Structures are given as structure tokens and as C-alpha cells.
Amino acid sequence: MREFPTVLELVGDTPIVRLPALQPRGGARLLAKLEYLNPGGSIKDRIGLPMIEAAERDGLLRPGGVIVEPTSGNTGVGLAMVAARRGYRCIFVMPDKMSREKIALLRAYGAEVVVCPTNVEPEDPRSYYSVSKRLTEETPGAFNPNQYANTANPAAHYAHTGPEIWEQLGEELDVLVVGVGTGGTVTGVGRFLKERLPSLQIVGADPEGSIYASDAVHPYLVEGVGEDFWPGTFDPATVDRWITVSDRDSFHAARRMARLEGILIGGSGGLALHAAVEVAAELPSDRTVLVILPDGGRPYLSKIFDDDWMREHGMLDWPAPAATVAELLGAKGMEEPNIPPVVAVARDQRLGVAIDLLQRYGISQMPVTARANCSPCAVADIVGSVRERELLDRVVRDGADALSLPVADAMSSPLAVIRAEQPLDEIFADLQAQPAVVVAAGDMAAGVLTRTDLLEFLAHRR
């Protein structure tokens, strides 16, 4: 029988793709390494097994033990996959800015999740670093892999991620752009590649408010990247240049990636992508820029891909208030001041009168009322409608004698009635079904609107 891998053996060997829609015109070739195609959905899958295996070798984690880790979510998934295969219990401690999808995902693997405040110092006993340390000390058989200090973190990228990139691109690579969190990826990959490509420039992408490239350290919204302290897993010497990226630019880059390239990435990937596009635009077309995209966008659907969440956090402008039917009617009245709001004909008047009214005001349809001279007209007085085309057909068929017939003989069903306070997007269906509608303000007919009126209003409003 053929041999098939376990899920842990599928980690790595992620593809590199080109980004033609985001490629800066005249700039360097822009490529991306898709780490969300790891089985757990992120680049952190690469460090889960090496950290656990190192702990097992050193006797720090024994059968039936407990893994306790502070995580933004992705490392937790990488560890939870290993724990599921090897029978360990997991407790993950997360900052409260993380998406609910990430919390639900960790619980789906059977992990316990403890949520801590984001806006506290690392040394604060409430911080997720401090809480994870305390839980490790209090829980029998617990081991804290501590991705921020564990040398297996950068070592995994030196042993696997770096060689993959070298095999995929080799000497074609000129610039590598990496979002820096624990620093394990940029340290491990950077060391490996620079040993073979001394001219390689490594660009670190950092959120505004992170300690790496900002003078003022403060909270930010992008997840899983940047820090408020210097991790032991990070060698700053591997980074040649820093680019600081705002939350807004990070999230908009991720949204553009989905809509223009069909690739769904998270906010940290958007941060790195924004920096990579900036770098590629500065370089000539014979250079190659590779950006590492650490995770996918599905854990962020309730956040950066939700328009309401983006607006609440100042990342999207609120839409202009929806125009109402009354606004459209008012605009029409200003453009056509010599036409009464409602031009109508009584059902007992002659067709000749109806035709005269249509021609006098340059309109193609109008309501028919139960009585003459009802101005203003109540909506209840409207009993039908006449249309220019139908009247023409009647005159052609019956000759001039048709002009003396009562309107009631040639009228059609009444026009649909809409309310003056309705938003315009609610009346599209009415104007698709028929060419005109009556606008009601309370019980009274306030005007008649046509498809042309709506089109002209929308065109001028935009």
C-alpha cells in the first residue's frame, strides 16, 4: 500500500507567486511566498514541531504534559496541531485585540484560551506574557515553549524556510521583505540567505507603535507582528532597512490583495505587502522583491474585511447619508419650476385634453384622477394612468374620433405609489417595473418621478 503523510509532514514547501495586479509600473518584479498554505494556516506551523521536539529531547515536556504559550493565535495553532498528535493539553494566553475567529480556532483544537488586556506593559501582571508565565508555574507538568526566547524558532527558519526560498529563487532574489514579530522568521531566513547572497537587502516591516522602528511605543491594531519589547529570538543585525506601516495602510493592502489578486491574507501580510510594494516601486524592473505573507485572511473576516469594523476604527469613511425620494423630488422641482408637481387628468375628461397636457409639459405619462381640478390631489383620488404611447396607438386605430372619448376608456392601472421619506435604493424595483411612480407625502400626492429623473439626479450627485 502507498504511504501517505500525516498533517505535520505537510508543513513547509509553500509556493511563491507573482502579483501582476499590484506590480508597480516600471518597478522591480514583485513576488509573494504564501505561508497561509501551511496546514494550520500560517508560517507559525514551521516552529510548532521543532519547539516541542526540542522540549521533549531536553526532558522539559513529558507525556501527558501541558503546553502553555502566549500567542497572537497562529503559534497556538502550530502547537495545537502537534499537541493533538502527541497527546498534550494546551493553554494559550492571548491579547484581547485578537479576532474572535482566532480564539474560536484554538478552542476547536481543544485548547483552553485565556484572554488578557493588550494595553498594558509587558511586565504588568495582567499582560499575556506575565499571565502565561504564572500559569506555567502553577500548572503541574506545564512547559512554556516561549517563542520569544526559544532558539528553535529562528533555527526552524534557518533549517527549512531559508533553504526553500534559496531553492525557489536562488540568486534572482534582491530584496526580502518580512513583517517582524518575534523576529524568528527574519533572523533564521536572513542568516541563511545572507550566507549565500551577501548583497541581499532585508527589509523589516513594522507597525506604527512597535518598538522596532518607532520612537513612541503605543498600541496598534494589526495582529501578530511588531513588539513592545526586544525578543531574544530576534537578531536586529539581519535587518538592513525598516519601513513603518500604519494600521490603515496594512488593512487596505490586505483588502486590495483579495480584490485585485484573489489572495486572502491577514493584516500582518498586508503590512509586509505595503512595504514590499513601496520597495519594488523604488527599484528597476530587473530586480526581484519577495515578500513573505505569514497568514491568511479567514481569521480576520470579522475585522479587517468587515466594513463596519473598519469604519468604527477609522479605517474606512462612513458612506454619505442615503438620498431620499423627497430630495430627488426637490431637485426635480428646482430644475423644472414651470411644471406643476403633479400633472393629472380626470377620468371623465376627453383624450384630447390628456394629449394636450402631455405635450404642454413634455411628459410621457400622468395619473388619472376621479375628479377634475384636484390640486393638490389625494393619493386616494388617483384611479389610473395614461401613457403617451398607448394614447397614440388609440388615435391611430380609431382616428380623430378617439380624441373625444373619455380618458376612462383608455386609461391603464394607477402608477405605483412610493413614500417621500424612502431612501432612493428602495425605489429601484418600482422604476424597473414601470417608467414612473407617484410620490406620496402623507395622504397627498406630492409629485411624479420617472426613470430619467432618477438617472439625472444620481449622475449629478456623484
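The values are calculated or read from the model by the stated rules, or taken from the named source; none is laboratory data. Not measured: the values here are computed from a predicted model. Cβ: placed from backbone, ideal geometry, glycine included. Neighbour counts: every protein chain shown.
Summary table
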read-out: Restricting segment 288-316 to residues that are in contact with a strand residue (DSSP E or B) (Cβ under 7 Å, 6 or more places away or on another chain) and not in a strand (DSSP E or B), the residue that is farthest from D45 (Cα to Cα); value: G297
read-out: Residue list for segment 312-326, restricted to those being surrounded by 14 or more Cβ atoms within 10 Å (Cβ to Cβ) and touching a residue at least 24 places away in the same chain (Cβ under 8 Å); value: H313, M315, A323, T324, V325, A326
read-out: Selection count where residues are out of contact with any Leu (no Cβ under 9 Å at 6 or more places or on another chain) and not in a loop (DSSP other than H, G, I, E, B), scope segment 202-220; value: 1
read-out: Complete set of residues in segment 381-427 that are without any contact (Cβ under 8 Å) to a residue 24 or more places away in the chain and over 19 Å from V342 (Cα atoms); value: E390, L392, D393, V396, R397, D398, G399, A400, D401, E426
read-out: Residue, farthest from P154 (Cα to Cα), within segment 210-227, restricted to residues that are crowded, with 19+ Cβ neighbours inside 10 Å and not hydrophobic (A, V, I, L, M, F, W, C); value: Y220
read-out: Top-ranked residue of segment 143-188 - restricted to ones that are of a type in the set (S, T, Y) and surrounded by fewer than 24 Cβ atoms within 10 Å (Cβ to Cβ), ranked as nearest to A55 (Cα to Cα); value: T151
read-out: Cross-chain or 6+ apart pairs with Cβ under 7 Å, segment 171-199 first and in a strand (DSSP E or B), then modelled with pLDDT under 95; value: G179/V225
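Per-residue answers, yes or no, for (1) crowded, with 18+ Cβ neighbours inside 10 Å; (2) under 30 Å from I427 (Cβ atoms); (3) under 23 Å from the mean Cα position of the chain (by Cα):
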site	(1), (2), (3)
T238	yes, no, no
A253	yes, no, yes
L283	yes, no, no
V289	yes, no, no
I292	yes, no, yes
I304	yes, no, yes
D307	no, yes, yes
M310	yes, yes, yes
